[in-house]
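Below is one structure, written out as structure tokens; the observations come after it.
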Amino acid sequence: MSLPPSNPSAAYVRFKQSTVLDYDKWKEGTPYDLAALKDVTPEERDLIVDELCAIASLDWRDVEALRALGTEKAIKRVGKAAEKQTDGAGIEAFMDDIAAHGWTEDIETRFIEKLERAASMTGALDRLYEIAEAHPTPAVLEQLMRNARISSDSTVRYSMGGFLLELTGHIDTRYTFDPNIRPHLLDLNSDDYKTYKAAVAWLEDKVANPKKP
């Protein structure tokens, strides 16, 4: 990897400073200074690409920066993240594949695999839901229901159940606190088998009878 420039441009310094995340930047979802990338030198651009491509698992900010850099190497690295990562950055990168190729059988298969491995607290769920809302195919709905039933992550079970209800028009938002809805979603994680089965049956019935046309 190339050495840092001995006399870096102001734009390079700005960008590098923006990649140092503190708690507030992380909590607020502050992106890197992408505008600075327009003014870095060609040598600095190549150096930044090399540095970002060397990261083992990209953050969503890294994906945005590589997109903005736009070199062949940068785009290939985003493609690798789309293929391998299932976290927020992987889903962010995967959206490029959908935009480039459309909703193909291969894209749907890859998306379902990512849904199957969905985890909470990764930044991925909202992106997954955005894609699912745009492509609510039978296979996608089936995987969403499977996650609501058997995901090992209790937060994912609840969230997937809520999203299915939102997708089928039974609630306005999956973050509902409706006392007629929330107990059923909580029961998707009940230790009592009968209670759990009743919650699953309730959810399946709701999804099978959508309110949306």
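The values are calculated or read from the model by the stated rules, or taken from the named source; none is laboratory data. Quantities reported herein were computed from a predicted structural model and do not represent experimental measurements. Cβ sites come from the backbone with ideal geometry, for glycine too, and all protein chains shown count toward neighbours.
Would you be able to say whether some residue in region 76-98 is buried (at least 16 other Cβ atoms within 10 Å of the Cβ), of a type outside the set (S, T, N, Q), more than 16 Å from the chain's Cα centre (by Cα) and closer than 30 Å to Leu34 by Cα? So far as region 76-98 goes, yes, one or more of its residues are buried (at least 16 other Cβ atoms within 10 Å of the Cβ), of a type outside the set (S, T, N, Q), more than 16 Å from the chain's Cα centre (by Cα) and closer than 30 Å to Leu34 by Cα. Looking at this structure, is Ser120 within 20 Å of Gln85 (Cβ to Cβ), in a loop (DSSP other than H, G, I, E, B) and over 15 Å from the mean Cα position of the chain (by Cα)? No: the conditions fail for Ser120.
Yes or no: region 40-50 includes at least one residue that is within 26 Å of Leu128 (Cβ to Cβ) and of a type outside the set (S, T, N, Q).
Among the residues of region 40-50, not one is within 26 Å of Leu128 (Cβ to Cβ) and of a type outside the set (S, T, N, Q), which makes the answer no.
Does region 15-35 contain any residue that is in contact with a Cys (Cβ under 7 Å, 6 or more places away or on another chain) and either of a type in the set (A, V, I, L, M) or part of a helix (DSSP H, G or I) (or both)? No, the conditions are met nowhere in region 15-35.
For region 172-181, the set of residues classified as at pLDDT below 95 and touching a helix residue (DSSP H, G or I) at 6+ places or on another chain (Cβ under 9 Å) consists of Asp172, Thr173, Arg174, Tyr175, Thr176, listed by residue number.
Could you please find all residues in region 35-53 being over 20 Å from the mean Cα position of the chain (by Cα) and of a type outside the set (Asp, Glu)? Ala35, Ala36, Leu37, Lys38, Val40, Thr41, Pro42, Arg45, Leu47, Ile48, Val49 - these are the residues of region 35-53 that are over 20 Å from the mean Cα position of the chain (by Cα) and of a type outside the set (Asp, Glu). Here the helices (runs of 4 or more DSSP H) wholly within region 129-213 that include at least 2 residues being among the hydroxyl-bearing types (Ser, Thr, Tyr) and touching a Ser or Thr at 6+ places or on another chain (Cβ under 8 Å) are 154-167.
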